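S.K.: Quick one: structure below, then a few questions.
The values are calculated or read from the model by the stated rules, or taken from the named source; none is laboratory data. Bear in mind that the values here come from a model prediction, so they are computed numbers and not experimental data. Virtual Cβ from ideal backbone geometry, glycine too; neighbours counted across all protein chains shown. For accessibility, only protein heavy atoms count, side chains too; no ligands or nucleic acids. Shrake-Rupley method; radii C 1.70, N 1.55, O 1.52, S 1.80 Å.
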Amino acid sequence: MDDVRITLAVLHVLRQFTEDVTKPRYGYDLMRATGYPSGKLYPILGRLDRAGWLSRQREDIDPAEAGRPARYTYVLTEGGATRARQELAVNSAKLSPPPHLGLRSLRDA
Amino acid sequence: MSATLLIVLVPLAVGFALARAVLADIANEEARTRLERIPFALLDLAARRVPTKQREDLTGEWNAELDHIIARTEGLPLSRLVRGVRFAAGILLRAPDIAGDLSRLRKLGTTAGRIASGALLAAAGLGALAGTLWLAAKNPPAVVIAGQVSVGLSWFTIGVMVAAAKTATPWWWLAPAGLSAGNFAMAAGPNSPAHIGFGVLFGCGVCYLLYKNRQLQRRIKSLKALIDAGDVSAFTREHDLLFPGCTECAEIILTAQMKP
């Protein structure tokens, strides 16, 4: 599995996947969940897919029977889930405010 | 009015009204169908921007998602159009990035600008032509002036768009600002202070943009040299300085890191 350059947007997308690592996600549903437009979300999904963090699969349906084309789903791979949790933990620690800027200091201000 | 004439005119009027209603309905249907095809047409254009081997797979996914978006807005034609176009336009602008097409490094920072400037140029040209024709029909002697204004605006638009695309400057504020300034200056009449001032400002603006473009091209050249030499950390550092917040080049960095 390859490294991916982690940005806030990538973390935001990974956060959606880690809510339920087994749940397959559609691109449009992720757009709605993250608020990102297609031009921002799909390149991220592409990078994560090529790096092996995500697995992309075509729905196993008969389009004629379902009355719609088969959509593609994304789900975290086993390694991807581990790396996603690590990155979220590391970056969450990095981005959390220092103690002197915490809620207590705001309340006391 | 004689009874005979009434017998002829009434069916004619009814027939005319019916034909008019039917034609309007057909025209509405035609317009609606064509509008609904716009997002799919944008996805077709996007497909041309990705490598052939990935085309079928990616367009399959995009079209299925668009189909889903459209199905969710059944009975809401405007929402359907807006959401569909928004989805497809995003894909169109970033298609090479989605496919991980590394050849885009050649045109770093200018892809979106080129597409957008092309679309705006076409729209501005059509607008100028329509304006000229309208003025010509309304007031024939004005056609010469209208033509001059239109040609002037068109050239001005071309200048601004080319400069914006070359410098990767956000076209969405340059274009309307430029067009407004151009309209204002043209309306003030030839040799007026506004006209002259605009000419001077435009000239200076183009020179500045070209100068910035040259600087940008030099820095992109040095970036390319870094990645060719395999100096990933220097590339990343320089890249972040040059394009803060850009996440499009992660694939380039990844590929360079994987090189033996």
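S.K.: Can you tell me how many residues within the range A:31-45 are out of contact with any helix residue (DSSP H, G or I) (no Cβ under 6 Å at 6 or more places or on another chain) and not aromatic (Phe, Trp, Tyr)?
M.R.: The total comes to 4.
S.K.: Restricting the search to the range A:46-58, which residues are open to solvent by 20 Å² or more (accessible area, probe 1.4 Å) and in contact with a helix residue (DSSP H, G or I) (Cβ under 6 Å, 6 or more places away or on another chain)?
M.R.: The answer is A:Arg56, and nothing else.
S.K.: Here's another thing I want to ask about it. Please work out which residue is surrounded by the most Cβ atoms within 10 Å (Cβ to Cβ), limiting yourself to the range A:64-73 and to residues that are outside any strand (DSSP E or B) and more than 9 Å from chain B (Cβ to nearest Cβ).
M.R.: Out of the qualifying residues, it is A:Ala66.
S.K.: All but one of (1) of a type in the set (A, V, I, L, M); (2) more than 9 Å from chain B (Cβ to nearest Cβ); (3) in a helix (DSSP H, G or I) hold for A:Ile61; state the number of the condition that does not hold.
M.R.: So the condition that A:Ile61 fails would be (3).
S.K.: Condition (residue is hydroxyl-bearing (Ser, Thr, Tyr), farther than 24 Å from B:Gly100 by Cα and away from chain B (no Cβ under 11 Å)) applied to the range A:87-100: is it met by at least one residue?
M.R.: So far as the range A:87-100 goes, yes, one or more of its residues are hydroxyl-bearing (Ser, Thr, Tyr), farther than 24 Å from B:Gly100 by Cα and away from chain B (no Cβ under 11 Å).
S.K.: Still on this model: Any residue at all in the range A:36-45 that is free of Cβ contacts under 8 Å to residues at least 24 places away in the same chain, crowded, with 20+ Cβ neighbours inside 10 Å, within 11 Å of chain B (Cβ to nearest Cβ) and not small (Gly, Ala, Ser)?
M.R.: Looking for residues that are free of Cβ contacts under 8 Å to residues at least 24 places away in the same chain, crowded, with 20+ Cβ neighbours inside 10 Å, within 11 Å of chain B (Cβ to nearest Cβ) and not small (Gly, Ala, Ser), one finds at least one in the range A:36-45, hence yes.
S.K.: Kindly state which helices (runs of 4 or more DSSP H) lie completely within the range B:151-247 and contain at least 1 residues that are modelled with pLDDT of 70 or more and within 30 Å of A:His12 (Cα to Cα).
M.R.: In the range B:151-247, the matching helices (runs of 4 or more DSSP H) lie at B:193-228, B:232-242.
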